[in-house]
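The values are calculated or read from the model by the stated rules, or taken from the named source; none is laboratory data. Here the structure is a predicted model, which is why all the values come from computation and not from measurement. Here the Cβ positions follow ideal geometry from the backbone for every residue, glycine too, while neighbour counts run over all protein chains shown.
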Amino acid sequence: MTAKPPGQGERVPRRGALAAALVWHRPDGRFGGIRFGLALGEWRDAVLAALSREAERRRLFLWLPVAMGIGILLYFAADAEPALWAPLTGLALSAAGAILLRGRPRPAWVCLAVAALFAGFAAAAWRTATIAAPMLERPRVGQVSGFVESVEARDAGARLVIRVTGIAGLDRPFWPKRVRVNIRSGTVAPGDHVAAVARLLPPPGPARPGGYDFGRDAFFRGIGAVGSISGKIALSPPPHPPDWDLRLAAAIDGARNALTQRIASVAGGQAGAMAAALVTGKRGLITETTNADLRAAGIYHIVSISGLHMVLAAGTIFWLVRALLALSQTVALRLPVKKLAALAAMAGSVAYCVFSGAEVATVRSLIMTLVMLGAILVDRPALSMRNLALAAMIVLLREPEALLGPSFQMSFGAVAALIAFAERWEERGRLQPPPALPWPLRPLWVAASGIVVTTLLATAATAPFGAYHFQTFNPFGLLGNALALPFVSLFVMPAAVFGVLAYPFGLDAPAWWLMGLASEVVLKLAHWVATIDHSTLVLAAFGPAALGCFSAALLWATLWTTKLRLLAILPLVGGVAVAAKPEKPAILIERDGSGLAVRGKDGLLVIAGKPSRFVLQQWLTADGDGRQPDDPSLRKGAACDPRGCVLMTREGHSIAYAQDRLAIIEDCRRADVVVTPIPWTAACRARLIDRMTLQRDGATALVRTRSGWQNHAAQDAGDRPWSRRRPQPAPTTAGPAGPPPAEEAPDTERLP
């Protein structure tokens, strides 16, 4: 007997009802609605039937990169560096089990999933072992020499990446492989061997527990120190000839800089800076004001070379080559024109990636594009979830650390949502314009509908990741993308392709002029959207548990094709519930003890000391506080004198910030918590956090619980190659440590 909706027939009798909801069945076998009282056996049978249909559609394969990702997360969660042989052994055993059990599908798939998990863990361990290099242990001031790998011009000076050939006062085994320094004056070129007095410090860790770890990212980029050169930088004789890879990198970077200056000079202004960034990946000429407008409008992704640019560049080359070949009747009839165009697009994409700097997001986008174009060569659908899974596995095996960054998460999440929507939409027919719409307006209606739908899907898929990493949400991103993307797709990127092709002949100026003109329109639109009230909403930071729930919901909704995907509502509701009540610390302490923030009686942060502007901005943003670092209200509620400050929490606890030893002695008798940038070994009745504690733990947050103060340290990861909990090398020849250099804001742009 077939159950029908209310008013259309009888319901199926209840038998052993244990669940709260049940879908009823229509005569055609499709699900038609909800009824209460589902038997446990019916739930089990329905789930097994759905899984059987998913297996028939070969959707289980799509979960292999998810298993690899879990293995990578387990690697980074370890508090000590794992042995490489352990995951390799697990991979070999589980793979052998999958082969031996290939006649039994369910056990074989379990073994295959376990093998993928071990593969992700082993890939992360292998990657760390192969790129491991020393990182500076403490601030230093002294002579530094090395080959210039890259130069990026900025508003004031330039930023250099130097491959080290010597650091005064430090033995060779402890030299970082690369250092990144800023210069205010002087001119150097990639490939030069330079020497200068530099102020260096270790790559900074997170500004708060759970925050962005620049030190870990620097480790995987091979950068072991950051700092600045305030004096003269001079050319010096190299101790040995540069390696071939250094010569190649320097040649490519020199060509990128030359083209950047060419585009910027022809296009002019910030439009020229943006146009140059789209072609060469050099974003140093873009001012912070322009960056802020692009972020507020939700279109900052257009200046970070990733999936959008790679697809537009490859698509332009593909269309151009295919159109040219089709002009010849002989070629069109005798040769596989579509495949030849795909090969040309693949070659152009590789060249674009290499020339634009081959950043992580760009390489990831290249892999995705090559997989899609490769599907054309073997006569398979180019845009499919299976191809996306293959691209994800390649990226994870090549750079496992990319999984932790928003670039990977946001781009793959957005593409998965778009492909899943396309799969559902093909089952229901293509979107057709209203019949009454005149013909000239129908293509515009279809294009506008496509932009709106894809932007909504991409925004919904990426919003949790953006909120987790950046604590911001741009509600008018749909408007910004709808206005800007047509100019980028129709004018900016095609002009870029023609400009690059004409550049060797010196005929590129018209292309850069057109590109700059379209970029100027995009910037004006971004500025207009940014001026709308509440164009940027600051959200309180939530933890990885909520992000895990959101990720599980996205994966469950996009990777399944049956009604199983409806269960994605469960992790989604769980993520919203956890993110809605984030744990806000009572005290935040900067990693060097130069300042702290205490949650006052009104629930807002009160500042004492002199935390850096970058760190203070990170604290405020993570707290969901829209105030700027120079807001005078941040100091209200702190009683300060030259020796320190006293602040009160909203629970009435006294927090002292002591700046000399006499103040420490006095505050240890009166306060509940004492924070000081001074090393202290004497007894203290209060909870004491001094300089030595912060050197060990990094940035620290304190949460008040029923049992007392609970400590959260940024360096809880333990002894890992990128952490600061490592034995420090003994200094050799005299090299003054000097005062630590003024900390610069690390690269925080991690968008796709």
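Restricting attention to region 106-147, the residues that are more than 21 Å from R163 (Cβ to Cβ) and either buried (at least 21 other Cβ atoms within 10 Å of the Cβ) or in the same structural domain as P82 (by TED's automatic domain parsing) (or both) total 21.
Note on region 344-372: among residues that are of a type in the set (V, I, T) and over 21 Å from the mean Cα position of the chain (by Cα), the one that is surrounded by the most Cβ atoms within 10 Å (Cβ to Cβ) is V371. Of the strands (runs of 3 or more DSSP E) that lie entirely inside region 631-729, those containing 1 or more residues that are of a type outside the set (A, V, I, L, M, F, W, C) and farther than 30 Å from A83 by Cα span 639-641, 644-648, 654-658, 687-689, 700-705, 708-713. Does any residue of region 91-105 turn out to be farther than 30 Å from P239 by Cβ, among the polar types (S, T, N, Q) and buried (at least 18 other Cβ atoms within 10 Å of the Cβ)? The answer is yes, given that some residue of region 91-105 is farther than 30 Å from P239 by Cβ, among the polar types (S, T, N, Q) and buried (at least 18 other Cβ atoms within 10 Å of the Cβ). Filtering region 282-315 to residues that are assigned to a loop (DSSP other than H, G, I, E, B) and at pLDDT 80 or above leaves K282, R283, G284, L285, I286, T287, A297, G298, I299. So, D253, is that one free of Cβ contacts under 8 Å to residues at least 40 places away in the same chain, part of a helix (DSSP H, G or I) and acidic (D, E) or not? For D253, the condition - free of Cβ contacts under 8 Å to residues at least 40 places away in the same chain, part of a helix (DSSP H, G or I) and acidic (D, E) - is not met.
Total residues in region 570-603 satisfying the condition of being more than 30 Å from L688 (Cβ to Cβ) and under 25 Å from the mean Cα position of the chain (by Cα): the figure is 11. Listed by position, the helices (runs of 4 or more DSSP H) inside region 477-585 whose residues that are farther than 30 Å from D623 by Cα and of a type in the set (F, W, Y) number at least 2 are 509-530.
Evaluate the following for S94: is it modelled with pLDDT of 90 or more, of a type in the set (S, T, N, Q) and outside the structural domain of A392 (by TED's automatic domain parsing)? Yes, satisfied.
Residues checked against (1) farther than 28 Å from E56 by Cβ; (2) touching a Phe, Trp or Tyr at 6+ places or on another chain (Cβ under 6 Å); (3) hydroxyl-bearing (S, T, Y):
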| position | (1), (2), (3) |
| --- | --- |
| T89 | yes, no, yes |
| G97 | no, no, no |
| C111 | no, no, no |
| T128 | yes, no, yes |
| A133 | yes, no, no |
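Within region 602-628, the set of residues being buried (at least 21 other Cβ atoms within 10 Å of the Cβ) and assigned to a loop (DSSP other than H, G, I, E, B) comprises just one member, P611. For the condition free of Cβ contacts under 8 Å to residues at least 12 places away in the same chain, part of a helix (DSSP H, G or I) and surrounded by fewer than 20 Cβ atoms within 10 Å (Cβ to Cβ), A258 qualifies.
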